[in-house]
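Here's the structure, in structure tokens; my notes come after.
FYI, it's all coordinate maths here, none of it is from the lab. From a predicted model like this one, the values you see are computed outputs, not experimental measurements. Positions of Cβ are backbone-derived with ideal geometry, glycine not excepted, and every protein chain shown enters the neighbour counts.
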Amino acid sequence: MSHADNPDILRRLRRAEGHLSTVVRMVVEGRDGMVIAQQMQAVIKALEKAKQMLIIDHIDHHLGEVTGPLPPEVQQKIAEFREITKYL
């Protein structure tokens with residue numbers, strides 16, 4: 001499966017899209033700035049998580065294409081790379 005049609009990534013992006021629509025509506029309605037900022041934070045977090053998932057999926061997809069099955073010690077190193085992506 002390509003990361004372009006990964007259902008988890010698409011779900012995260014749709015969540016961010018829904019949060020952003022809410023932000024736009026709140027601004028149009030003149031809602032309180034604190035509430036809008038909170039909703040904007042939800043958009044940012046949803047996008048950050050989608051980005052992380054996309055990068056991990058991209059690494060897994062293309063590494064598997066190039067190398068084929070990997071020995072356990074290499075798989076462990078890749079797992080470490082995956083873990084560090086949470087800091088992106």
Taking 0.36 nm per residue of separation between residue 21 and residue 40 and subtracting their Cα-Cα distance, the length gained on full extension comes to 5.8 nm
Here the Kirkwood hydrodynamic radius of the chain, Cα-based and in Å, equals 14.9
Distance in nm between residue 76 and residue 28 label points, each 7 Å along Cα→Cβ, equals 5.5
For segment 69-84, in residue order, the Karplus 3J(HN,Hα) values (coefficients 6.51, -1.76, 1.60; θ = phi - 60°; whole Hz; Gly and Pro = x) are x, 10, x, x, 5, 6, 4, 5, 5, 5, 4, 5, 4, 4, 5, 5
Checked against the positive end of the charge dipole of the chain (+1 on Cβ of Lys and Arg, -1 on Cβ of Asp and Glu, about the Cα centre), the farthest of 26, 38, 16 is 26
With only helices counted (DSSP H, runs n ≥ 4, each -39500 (n - 2.57)), the per-residue ellipticity at 222 nm for the chain, to the nearest 500, works out to -28500 deg cm²/dmol
Taking a straight Cα-to-Cα line shorter than 19 Å from residue 86, and setting aside same-chain aspartates and glutamates fewer than 8 residues away, one finds 8, 48, 57, 60
Magnitude of the Cβ-charge dipole (Lys and Arg +1, Asp and Glu -1) of the chain about the Cα centre, nearest 20 debye, reported as 360
